[in-house]
1. Just to be sure, is B:Glu106 at pLDDT 85 or above and farther than 26 Å from A:Val9 by Cβ?
2. Restricting attention to region A:225-284, which residues are over 30 Å from A:Tyr109 (Cα atoms) and of a type in the set (S, T, N, Q)?
3. Of all residues in region A:355-397, how many are assigned to a helix (DSSP H, G or I), touching a Lys or Arg at 6+ places or on another chain (Cβ under 7 Å) and either at pLDDT 85 or above or small (Gly, Ala, Ser) (or both)?
4. Hey, among the residues in region A:349-393 that are surrounded by fewer than 20 Cβ atoms within 10 Å (Cβ to Cβ) and hydrophobic (A, V, I, L, M, F, W, C), which one's farthest from A:Tyr313 (Cα to Cα)?
5. Give the residues of region B:100-113 that are touching a residue at least 12 places away in the same chain (Cβ under 8 Å) and away from every other protein chain (no Cβ under 14 Å), sorted by residue number.
6. Any chance region B:37-58 includes a residue that's over 22 Å from A:Cys17 (Cβ atoms), of a type in the set (S, T, N, Q) and free of Cβ contacts under 8 Å to residues at least 24 places away in the same chain?
7. In this structure, does A:Ala404 turn out to be at pLDDT 90 or above, of a type in the set (Gly, Ala, Ser), buried (at least 20 other Cβ atoms within 10 Å of the Cβ) and farther than 21 Å from A:Val243 by Cβ?
8. Could you figure out which of (1) touching an Asp or Glu at 6+ places or on another chain (Cβ under 9 Å); (2) free of Cβ contacts under 8 Å to residues at least 24 places away in the same chain isn't true of B:Met25?
Amino acid sequence: MSALPILPVLIPLGTACLGMLGHRSLRAQQTVSVAGAVALVVVAVALLARTATGEILTLDAGGWSAPFGITFVADAFGAIMALLAAVTGLAVVVYSVASVDLPRKRFLYYPLTHVLLAGVCGAFLTGDIFNLYVCFEILLLSSFVLLSLGSERGQLEGAIKYVTLNLISSAIFLSASGLLYGTLGTLNMAHLSVRAAEAVAEGRGHVVTIVAMLFMVSFGIKAAVFPLFFWLPASYHTPPFAVSALFAGLLTKVGVYAIVRVFTLIFVHDTGYTHTILLWVAALTMVSGVLGAAAQTEFRRVLSFHIISQIGYMILGVALLTPLAVAGTVFYIVHHIVVKANLFLVAGVAHRIRGTSDLVRPGRVGVYASAPLVALLFMVPAMSLAGVPPLSGFWAKLILIRAALDERAYVYVAVALLVGIMTLFSMTKIWAEAFWKSPAPEEGGTAGETAPRTPAGMLAPIAVLAAITVGIGLAAQPVFEFSALAAGQLLNPEVYVGAVLGEAFATPVEGVDP
Amino acid sequence: MNSTILQTATRYLLPLLLIFSIVVMLQGHNKPGGGFIGGLIGAAGFALHGMAFGPRATRTALRADLVVVMALGLAFALVAGSLALASGQPFLSGLWVSVPFPGFGEVKVGTPLVFDIGVYFVVIGVVMTIVLSLLEENA
């Protein structure tokens, strides 16, 4: 039994611990924090290399064998998510060194970031539904503090909405877990998969479906799907840019991950009901997100609404539930986390140069005029988000649309294409207002004023993430093959069940059509 | 609050609560108790002290930096879990040794105890950070 599946949780926790021990010395905190983030990336790469062969790694904590103890499971999907969390974490930590203000850094900013990463990685790698709840709480608690750290007026206003809605979501999640345990008598996700099939075979399928809907609402709030997304654009533009990049990249995707996991592993027996609802939700999320973005004039608020519309694409893949569609969802998440975190990081640099994040008011200087490299680095993720070939977003959208065409879901194809065009419109708006335009002298722009130089520590993570985006675009085939492998595992729960519980459980129940 | 009755009572109650918290923590492996509940009882003692003498006096009495207390607790818990990894067993597996203890005979000591001590410190650190911040806000 390898320790690998739990290391992505232990390393950030250990890093947070060391950071707290040395919290009087900022230099020590920063060194430990960057080193811990690098170690996390290394471990995540090792984990991915192991799972890329199709192997599913499991670890029974404390030696209590599944389904009685808590199991950690790393399949292809979990491993790629952990790697994305690690890469985003490293980029954000490096960016923070040069950009986050001193009072925040003194107040345990770095340890909190690592605790958040531990929660996120734990959510991706746990094989136990209650442990998933615990991981959600870990990441939520640290995100509450990171969001309100600094106590600025706008921050607290955003944090109240964020905390309230997320607590409601957690309460629903907890009750749903309780109901699930009461109905099926287990909390191990692989065992739940088996027991749910048995319950449906015994004619108790309606109870399972009711619990499934509770999970959908709870994870839907966390993933910010229609109509439960209001907390996101109300809060994501308020904390420092590094924090909102971390949130934008990872937090809603934990919700998406949970939806994908439970609606491919456990709740797959009433797809005519549950997955049809997911399909509507996907379309409405795409449309409402992109329309919301069109009405916004603040850099990060535009980006926040685009998170929502992009979540719709990911949900679309799960809702269609074909191998190609689920592979599309995995590919989309891979593409999206990198791009979205990067856009928020670029927004921070643009804010620094222009002196404002407002897209209507002219800034101090035009970004393109004073820092063409930054403008170029914005173009890469922005165009990828809109789906311009050959960047990663193009392939992600292509796979999903192809999958929808195969299912003859033409309405959803139309919606996805239309939303893509409107995303391009939004990105062009940001480009024109924030990057291209130089302020005219009478608008308050002083010709002699020069923009502050952007520190290399802020540019390097952006450049690396942009390079990853281009890399995924140019080497789409291996990424797609990996996504297809992950999708294959997700759509054949008996593989997962067999890896966790042993072969005896993996045989399908009599009379159930898998 | 400046109450002679509370202050006098606290002088006797704080040591009692601390001893009780350690007993509860130690018996936790076999009987009701454990690091979490022990930590809460200990923190209740310090919170009482804070109410009777004021948060500043409590910070002085605690001596330790609460962030470090939390970090040490977390470190204890992580080390207790990871020792099993080093010996090739799954994370959090209990490792036990028998230690001769005068008056008790052989006492079995294991990593779950270390884990409980870690939880104890984390709980005291977290609860006292919250309580003292609230008391300081009122002062």
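The values are calculated or read from the model by the stated rules, or taken from the named source; none is laboratory data. Bear in mind that the values here come from a model prediction, so they are computed numbers and not experimental data. All Cβ positions, glycine included, derive from the backbone under ideal geometry; neighbour counts span all protein chains shown.
1. On the way: at pLDDT 85 or above: no; farther than 26 Å from A:Val9 by Cβ: yes.
Judged against the criteria, B:Glu106 is not a match.
2. If the condition is that a residue be over 30 Å from A:Tyr109 (Cα atoms) and of a type in the set (S, T, N, Q), then A:Thr264, A:Thr271, A:Thr274, A:Thr276 are the ones that fit.
3. So in region A:355-397, the residues assigned to a helix (DSSP H, G or I) come out as A:367-370, A:372-386, A:392-397.
Those left that are additionally touching a Lys or Arg at 6+ places or on another chain (Cβ under 7 Å): A:367.
With either at pLDDT 85 or above or small (Gly, Ala, Ser) (or both) added as a condition, the list becomes none.
Counting residues in region A:355-397 that are assigned to a helix (DSSP H, G or I), touching a Lys or Arg at 6+ places or on another chain (Cβ under 7 Å) and either at pLDDT 85 or above or small (Gly, Ala, Ser) (or both) gives 0.
4. A:Ala369
5. The initial filter retains those residues of region B:100-113 that are touching a residue at least 12 places away in the same chain (Cβ under 8 Å), namely B:108-113.
Of everything in region B:100-113, those that are touching a residue at least 12 places away in the same chain (Cβ under 8 Å) and away from every other protein chain (no Cβ under 14 Å) turn out to be B:Lys108, B:Val109, B:Leu113.
6. No, that holds for no residue.
7. Working: at pLDDT 90 or above: yes; of a type in the set (Gly, Ala, Ser): yes; buried (at least 20 other Cβ atoms within 10 Å of the Cβ): yes; farther than 21 Å from A:Val243 by Cβ: yes.
So A:Ala404 passes the test.
8. B:Met25 satisfies all of (1) touching an Asp or Glu at 6+ places or on another chain (Cβ under 9 Å); (2) free of Cβ contacts under 8 Å to residues at least 24 places away in the same chain except (2).
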